[in-house]
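So the structure is just underneath, and the comments pick up after that.
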Amino acid sequence: MENNDIVYGVHAVTERLTVNTGNKLYIQDDLRGPRVDKIKELAAQKKVSISWTTKKALSEMTDGAVHQGFVLKVSEFAYKDLSVLLEKANQEENPLILILDSLTDPHNLGSILRTADATNVCGVIIPKHRAVGVTPVVVKTSSGAVEHVPITRVTNLSQTLDTLKAEGFWIFGTDIDGTPSTQWNTKGKLALIIGNEGKGISVNIKKQVDEMISVPMSGHVQSLNASVAAAILMYEVYRNRK
């Protein structure tokens, strides 16, 4: 069972200290150098207490993950309300909101958030049930992007799509038989659905999609990893904006 009240690794710890969500910092007791000094100084600024801890104890806290000698106890992750994403989208000329339909791999979610930050995505919507939320693995994989990309967690994806349509969004999905991404008209307000790693987009959600988009492929494998497909499509929107 993953412990969701900690983050670990240099980037994740630095980001969470910076935005004031750190409660207690654990540093590996034999660690020295400029990285340690920098994080110690930041913790002091934010009035977060430091506990010097053995490498073994840190590994136990993180279930053996690569912690780089830094573990931070944090407040629970604060998901944003959908209205925050819509407000941000309304301030942009060609906004993109990403919807993840039942993604289960935390590495995929972290990687998607990292690309979303790089390509100015307005926000990411995830379902509350049967899907991965923001965990320590997600935070670490995202390299701090969780602090910069608004993430909304919703009970009903279908109702959320209705809300987005009422706000003037075009809903796009990903499918092997869709319009090639190179011919995708990315003007206007866009909401892009990325499906589950194995099953793709669920049947009832597919019914609400305005157009399916495919990533052109000519190899033997029939589909790309969810985070890779998402990255290619996010960059397509970003490139067309430029």
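Just a few scattered comments:
- DSSP-defined antiparallel bridges as percent of all bridges, the chain, nearest 5: 25 percent
- The range 183-238, dipole about Cα centre (Lys/Arg Cβ +1, Asp/Glu Cβ -1), debye to the nearest 20: 160 debye
- On the beta carbon distance between ALA131 and GLU167, with R0 = 30 Å, the FRET formula returns roughly 0.85.
- Taking a point 7 Å from the Cα of HIS148 along the Cα-to-Cβ direction, the residues of the range 75-119 with backbone N closer than 11 Å to it are 114-119.
- Annotation: peptides 57-63, 101-107, 140-146, ranked by per-residue average of other Cβ atoms within 10 Å with the highest first, follow the order 140-146, 101-107, 57-63.
- The helix-only estimate of mean residue ellipticity at 222 nm for the chain, built from DSSP H runs of length n ≥ 4 each weighted as -39500 (n - 2.57), is -10500 deg cm²/dmol after division by the residue total.
- For the range 90-174, the square roots a ≥ b ≥ c of the C-alpha gyration tensor eigenvalues yield an a/c of 1.5 or more together with a/b not exceeding b/c, which makes the shape oblate.
- Förster radius 35 Å - calculated FRET efficiency between ASP177 and ASN20, Cβ distance, rounded to 0.05: 0.15
- Among (1) -0.48, -0.91, -1.16, -1.29; (2) -0.52, -0.89, -1.07, -1.16; (3) -0.58, -0.96, -1.12, -1.19, the entry that matches log10 I(q)/I(0) by the Debye sum over Cα atoms at q = 0.10, 0.14, 0.16, 0.17 Å⁻¹ as calculated here: (2)
- Restraint check, LYS140/LYS207; LYS140/LYS187; LYS38/LYS88; LYS24/LYS140; LYS24/LYS80, Cα-Cα greater than 27 Å: LYS140/LYS207; LYS140/LYS187; LYS38/LYS88
- Computed extension length for VAL84-LYS46: 11.0 nm, one decimal, from 0.36 nm per residue of separation with the Cα-Cα distance subtracted.
- Rolling a 1.4 Å probe over the protein heavy atoms gives the chain an accessible area of 50 Å² per residue.
- In percent, rounded to a whole number, the relative contact order of the chain is 21, using alpha-carbon pairs under 8 Å and six or more apart.
- Charge dipole (debye, nearest 20) of the chain; +1 at Cβ of Lys and Arg, -1 at Cβ of Asp and Glu: 480 debye
- Expressed as a fraction of 2.2 N^0.38 Å, the C-alpha radius of gyration for the range 1-86 is 1.14.
The values are calculated or read from the model by the stated rules, or taken from the named source; none is laboratory data. This is a predicted model, so every value here is computed, not measured. Here the Cβ is made from the backbone with ideal geometry for all residues, glycine too, and neighbour counts use every protein chain on show. Remember, those area values only see protein heavy atoms, side chains included, never the ligands or the DNA or RNA. Shrake-Rupley method; radii C 1.70, N 1.55, O 1.52, S 1.80 Å.
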